[in-house]
Structure formats: structure tokens, C-alpha cells
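Contents: one structure, followed by commentary.
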Amino acid sequence: MTKINTPYFDGAKLLIVADCAAYAYANFHQEFIRGKVTLVGCPKLDGVNYSEKLTEILRNNEIKSVTVVRMEVPCCGGLEMAVKTALQASGKFIPWQIVTISIDGKIID
């Protein structure tokens, strides 16, 4: 369980990633993880709403940016929506982006 207030979040570039994305995209570590604090989850299999905890992480730490890496499959929409909800609820303006990986391992947007 990730602690909300911890030194590694201060000044961090946050990477929030679907757990299957790293397996689908061969250069995942080189292109996404390096230099970021990484949180991993699966909205389909975990069965939890991540938005509340993410809101608290964003609200209580100085996060520089948020990158979400998800798969193109519908269940990953829950991860994207949780991050959008958390960003809005945090009351902060934090630069963010969504990267979508296709099921054949290519970046599609």
C-alpha cells in the first residue's frame, strides 16, 4: 500500500501505469520509468477506485507532472478516469498526459 505523504513524492514526476502495459511495450523502462516515481495498477483486477488515494497524493505533495500509460482495452479507461478525477479534485494545476499502447505493442497516442 502506497503511503500518501512520503519524501519520494516531493518534486516527483509521477508515472501511473496499467500493469500489463510494461509487458506489451518493449521499451517501457527506457521511455517511461526512468526518472519517475511509478504507481502500477489494474482497474479491472484490483476492483478499487484509485481516484481518492491519487487525489490525496496529488494534494499533499509537490508533483511536477503526471503521465498515464494505459492499454487500448476498455478496462484501462478506469485508470485514465481515476487520474482525471484526482487531478480535478486535487485543486492543483499539474501538467499531465495520457499515452495509449495498442494490444500489438505500439504507441497509438
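Is it the case that some residue within segment 68-87 is modelled with pLDDT of 90 or more, under 19 Å from Tyr8 (Cα atoms) and not in a helix (DSSP H, G or I)? There is at least one residue in segment 68-87 that is modelled with pLDDT of 90 or more, under 19 Å from Tyr8 (Cα atoms) and not in a helix (DSSP H, G or I). Among the residues of segment 41-59, the one identified as outside any helix (DSSP H, G or I), touching a residue at least 24 places away in the same chain (Cβ under 8 Å) and open to solvent by 80 Å² or more (accessible area, probe 1.4 Å) is Asn49. Looking at the structure I just gave you, is Glu62 out of contact with any Leu (no Cβ under 7 Å at 6 or more places or on another chain) and either part of a helix (DSSP H, G or I) or surrounded by 13 or more Cβ atoms within 10 Å (Cβ to Cβ) (or both)? When the stated conditions are applied, Glu62 does not pass them.
Results for (1) in contact with a strand residue (DSSP E or B) (Cβ under 6 Å, 6 or more places away or on another chain); (2) of a type in the set (A, V, I, L, M), shown as yes or no for each residue.
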residue	(1), (2)
Asn5	no, no
Ile16	yes, yes
Asn27	no, no
Glu31	no, no
Arg34	no, no
Leu39	yes, yes
Leu58	no, yes
Glu62	no, no
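The values are calculated or read from the model by the stated rules, or taken from the named source; none is laboratory data. Nothing here was measured: the structure is a model prediction, and the numbers come from that model. Cβ: placed from backbone, ideal geometry, glycine included. Neighbour counts: every protein chain shown. Just the protein is used for accessible areas: all its heavy atoms, side chains included, with ligands, DNA and RNA removed. Shrake-Rupley method; radii C 1.70, N 1.55, O 1.52, S 1.80 Å.
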